[in-house]
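Have a look at the structure below before the remarks.
Please treat every number below as a calculation from the coordinates, not as lab data. The model shown is predicted, which means the values in this text are computed figures rather than measured ones. FYI the Cβ positions are ideal-geometry reconstructions off the backbone, even for glycines, and counts take in every protein chain you see.
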Amino acid sequence: MSCTITYIVSIIQVQNLTKKFGDLTAVNNISFEVRQGEIFGMLGPNGAGKTTTLEIIEGIQEPTSGKTSVLGLNSQEQLNEVKEHIGVQLQASAYFDNLTLTEILDLFGSFYKKRTEPAKLLESVGLTEKKNALVKNLSGGQKQRFSISASLVNDPGIVFLDEPTTGLDPQARRHLWEYIRQISQQGKTIVLTTHYMEEAQRLCDRVAIIDVGKIVALDTPAKLISNLKSSYRINLKLLERVHADKFKQVQGVIEAREPAETEEPQIQLHVNKATETLPSLLSLIEREKIKLEDIEMQPANLEDVFLALTGKELRD
Amino acid sequence: MIKLFVAAIKMQFRDRLGLFWAFVFPAMFIIIFGLFNFDRPDTAHIAIVNLVQDNNPKEFVEGAKRFVESFKQVGYFKISEDYKTEAEAVQALKNDKIEFVLIIPNEFTPPSSANGNLPQIRLRVIDDEKNKITNSIVMAGLSNYVAEVNLRAANAPKLFSLNEEPLKSSEVKKISYMDFLLPGILGMALMTMSVIGLAADLSLYREQRILKRILATPLRPSLFIASLVFGYLVLIIVQVTILIALGHYLFGAQIYGNILNVYALALLGAILFLNVGFIVGSFSKNPSGASSLGNIVTMPMMFLSGTFFPATSLPPVVYSVVQFLPLSPLMKALREIALDSNATLLSVGPDLALIGVWILITFLIAARTFKFR
């Protein structure tokens with residue numbers, strides 16, 4: 001077993017950041033740090049303040065109060081210096097309709113002191129064949145890949161990806177994760193926002209869970225999950241509706257609830273040790289003659305973390 | 001930086017819809033108006049009804065026929081002999097198929113001393129009292145003609161003669177409607193393209209977050225704006241060239257003044273209307289909104305500032321106001337330079353001053369309203 005010593009270097013600092021739009025507080029006094037080389041995820045529902053936080057760090061928006069710095073440079077005061085060292089992919093941002101991919105990358109590269117060859121960038125996201133195509137002729141996944149390649153034109157040390165996989169089908173999403181991991185392997189720090197639990201869990205080294213402008217938790221996905229009181233979730237699909245309270249008496253059940261969004265009768269149980277709970281659960285079902293269609297058990301995930309911390313479900 | 005300006009030109013010339021508005025739309029006006037011929041003089045359409053019957057004395061029968069034949073030679077009138085009776089001809093007059101009926105009656109007054117002991121044919125003319133101008137022209141022509149025929153018939157000595165000495169047509173400037181129209185189309189075309197085109201681009205860039213994406217790079221926003229303006233100015237130079245060439249080679253339109261001054265005015269006008277484009281773009285959420293708002297702004301000017309007809313032919317009260325619209329001084333200066341070979345930028349100074357005032361006003365408004373994000 002090899003032993004590695006990791007120096008943890010903080011590359012982005014956010015201190016007491018607040019952003020108000022009139023009466024609405026989009027970002028409410030948040031502070032966090034991003035470490036060099038990590039994939040840092042900001043997970044939260046739409047409107048939680050993820051994009052606003054990101055855009056303040058990038059220098060596109062001004063904070064109402066608080067401070068952000070990148071590589072020790074203040075995002076507000078040393079804006080142009082910061083911009084030279086970061087790569088930005090905006091949420092749902094398009095590029096010029098009448099330029100080819102190569103021309104767009106060449107043009108954006110010309111805005112920076114340090115630049116990368118368009119051909120190399122396109123190769124890194126598997127778009128070499130499309131180098132003379134227009135953006136409008138790309139598929140959704142290709143567009144997102146191109147958008148990521150455009151954020152790398154200045155060979156930045158830090159890359160910001162705002163909802164990079166929103167709107168993609170699951171296959172295209174997983175495909176894109178591979179490209180993001182490859183960028184991370186080049187030693188770049190990546191900060192991304194997402195409202196997909198799975199994306200944060202599978203892709204990110206650390207995740208900040210954000211709700212209504214506040215960070216409610218920040219840690220590695222594994223730690224966030226292990227901090228939960230329950231480590232498993234049992235889904236019961238029923239043929240007729242049964243009140244969730246009935247299951248609370250079962251040994252080891254921490255929480256029993258009816259998920260809000262389903263039409264069919266369902267019960268969700270949060271348990272600590274499935275092996276202890278299952279026998280008593282099954283005997284309850286037999287005793288009460290509950291008509292069961294299906295039973296499903298899965299380890300707890302960030303979805304459950306979000307639910308436990310905010311009382312809300314992550315999905316829209 | 002050069003890459004940015006090259007890219008701006010590439011984008012300008014690859015935007016098909018933009019090119020349609022830049023070239024095809026104004027060209028359509030030139031072609032449509034060029035196909036109408038507004039310059040051909042109105043000829044009066046006259047029906048001659050010769051009722052003189054063959055059983056009359058020979059000199060009258062022959063005289064009447066000679067009168068008709070020689071009248072046809074006049075050329076200015078369009079003569080028809082299709083109507084055989086007075087009633088038919090009058091019916092045609094009532095139906096506005098002809099403007100004039102000239103009747104040679106089958107009767108003549110007996111010889112009298114007042115007429116040198118000769119009989120007299122009394123020609124009758126029927127016209128429509130509403131056509132006052134045509135009537136007076138035709139009557140003047142007719143009486144001259146009748147007098148001339150009379151004098152010849154009487155073998156009267158000629159004290160006076162007229163000798164027409166026409167100047168060669170190349171020496172005389174005949175300003176055609178096309179000459180007048182071309183500078184109007186130039187002004188209209190560069191206005192609509194600058195306002196609607198730029199506003200649509202800006203709102204699209206905002207809607208698609210391209211402006212925000214630019215903001216995330218170290219590029220100065222003002223440089224990006226400069227590249228956009230540059231792209232438009234290049235397009236406008238090409239537009240002016242193509243429209244002048246089209247008007248000239250297809251419809252013979254002439255630019256009499258210095259063509260470089262036309263370009264200078266076009267660029268000045270473009271700067272004014274690009275400012276307006278920034279303002280319209282500030283208030284438009286998307287390209288179709290920009291196009292609607294742009295049309296609301298440009299359409300009234302297109303008609304009131306004299307694209308197709310001189311603004312001075314508007315009612316004086318209206319003209320006293322519309323002469324200050326942004327397009328009006330540009331139209332006036334363009335036309336003066338285009339139609340008067342002696343006109344210089346100095347002689348259109350007051351117009352240039354008004355354009356300058358508008359550039360200043362629109363720039364200040366644009367700077368306040370346009371947000372780069």
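One table, with the values for the structure above:
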{"quantity": "Helical mean residue ellipticity (222 nm; -39500 (n - 2.57) per DSSP H run of 4+; nearest 500) of the protein assembly as shown", "calculated": "-14500 deg cm²/dmol"}
{"quantity": "Residue-averaged beta-carbon neighbours from other chains (10 angstrom radius) around B:215-225", "calculated": "6"}
{"quantity": "Among A:18, A:51, A:128, residue whose mean-square fluctuation peaks in a GNM of chain A (springs only between Cα atoms under 10 Å)", "calculated": "A:128"}
{"quantity": "Cα centroid separation, region B:178-195 to region A:19-69 (Å)", "calculated": "50"}
{"quantity": "Prolate/oblate/rounded call for region A:239-316, Cα gyration tensor, a/c under 1.5 rounded", "calculated": "oblate"}
{"quantity": "Share antiparallel - DSSP beta bridges, the protein assembly as shown, percent rounded to 5", "calculated": "65"}
{"quantity": "Summed residue charge, Cβ within 11 Å of residue A:37's Cβ, Lys/Arg positive, Asp/Glu negative", "calculated": "0"}
{"quantity": "Peptides B:233-244, B:47-58 ordered by average Cβ neighbours within 10 Å, highest first", "calculated": "B:233-244, B:47-58"}
{"quantity": "GNM result for chain B, Cα springs below 10 Å: residue of B:310, B:110, B:287 fluctuating most strongly", "calculated": "B:110"}
{"quantity": "Set of lysines near residue B:130 by C-alpha distance (under 27 Å), chain-local residues within fewer than 8 positions excluded", "calculated": "B:72, B:78, B:84, B:94, B:97"}
{"quantity": "Averaged over B:15-21, number of beta-carbon atoms from partner chains that fall within 10 Å", "calculated": "1"}
{"quantity": "Hits among aspartates and glutamates - C-alpha to C-alpha of residue A:246 under 19 Å, sequence gap 8 or more where chains match", "calculated": "A:255, A:258, A:264, A:276, A:286, A:288, A:293, A:294, A:296"}
{"quantity": "For region B:267-301 and region B:58-72, distance of Cα centres in Å", "calculated": "67"}
{"quantity": "Pairwise FRET efficiency - residue B:32 versus residue B:222, Cβ, R0 = 41 Å, nearest 0.05", "calculated": "0.50"}
{"quantity": "Within a Gaussian network of chain B (alpha carbon springs, distance under 10 Å), most fluctuating of B:25, B:309, B:60", "calculated": "B:60"}
{"quantity": "For region A:176-254 and region B:330-372, distance of Cα centres in Å", "calculated": "64"}
{"quantity": "Cα-based reach from residue A:131 at 25 Å (exclusive), listing lysines while leaving out same-chain residues under 8 positions away", "calculated": "A:113, A:114, A:120, A:143, A:188, B:3, B:10, B:212"}
{"quantity": "Förster radius 51 Å - calculated FRET efficiency between residue B:70 and residue B:256, Cβ distance, rounded to 0.05", "calculated": "0.80"}
